[in-house]
Amino acid sequence: MAGLGAYSLLVVLFITSSVVIATEENNQIIIKNNCEAKIGMPCVWEVFKSIFKTGSVTNKCCNELVVLGKVCHSALVQRALECPNFQNLDRDTIIQKSIDTWNNCLVMTHLPSPFA
């Protein structure tokens, strides 16, 4: 019985240390690339709403997202997924929506404007 308890403790320690390492890695990426300063808060909300709930991203916010860069976008989404508020969400769905949002914005920013 003691062996099972020790094994369970090791599994819990491994899982929690992996989350801490992932969090630290994402935070280092965000700090190193100055990610939080590259996109305005209204666009942060718009992008995250499109990923974590439903909605679309305007051209203005797509431009800000593309300027932010894929590395920052991915790190910010991963950091959000590590928050307790988002633990019950389907990670695969969120990651796919994040990729879709990025790809849609990439297409939007490379198309000529119909008003040009």
*Enumerate the calculated ³J(HN,Hα) couplings along the range 95-110 in order (Karplus 6.51 cos²θ - 1.76 cosθ + 1.60, θ = phi - 60°), each rounded to whole Hz, writing x wherever the residue is Gly or Pro.*
4, 5, 5, 5, 5, 4, 4, 4, 5, 4, 5, 4, 5, 4, 7, 9
_Taking θ = phi - 60°, what integer Hz values does the Karplus form 6.51 cos²θ - 1.76 cosθ + 1.60 yield along the range 74-91, in sequence order, with x for Gly and Pro?_
5, 5, 5, 5, 4, 5, 5, 5, 7, 6, x, 4, 10, 5, 8, 7, 6, 4
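As a footprinting exposure proxy, order Arg91, Arg79 by other Cβ within 10 Å, with the fewest listed first. Intermediate results must be reported in sequence, preceding the final value.
Working: Arg91 11, Arg79 18.
Fewest-to-most ranking of Arg91, Arg79: Arg91, Arg79.
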*Which of the peptides 57-69, 38-50 is most tightly packed, and how do the rest follow, judged by the mean count of other Cβ atoms within 10 Å per residue?*
57-69, 38-50
*Can you run phi through the Karplus equation (6.51, -1.76, 1.60; θ = phi - 60°) for the range 59-69 and list ³J(HN,Hα) in whole Hz, with x for Gly and Pro?*
4, 4, 6, 4, 4, 5, 5, 5, 5, 4, x
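Taking 1 over the mean of 1/r across every pair of different Cα atoms in the range 37-87, what Kirkwood radius in Å do you get? Don't jump to the answer; show the numbers that get you there.
Values: mean 1/r = 0.0892 Å⁻¹.
This gives a value of 11.2 Å.
Just so you know, all these numbers are worked out from the coordinates, no wet-lab data involved. These figures come from a predicted structure and were not determined experimentally. Methodologically, a virtual Cβ is constructed for each residue, glycine included, from the backbone with ideal geometry; neighbour enumeration extends over all protein chains shown.
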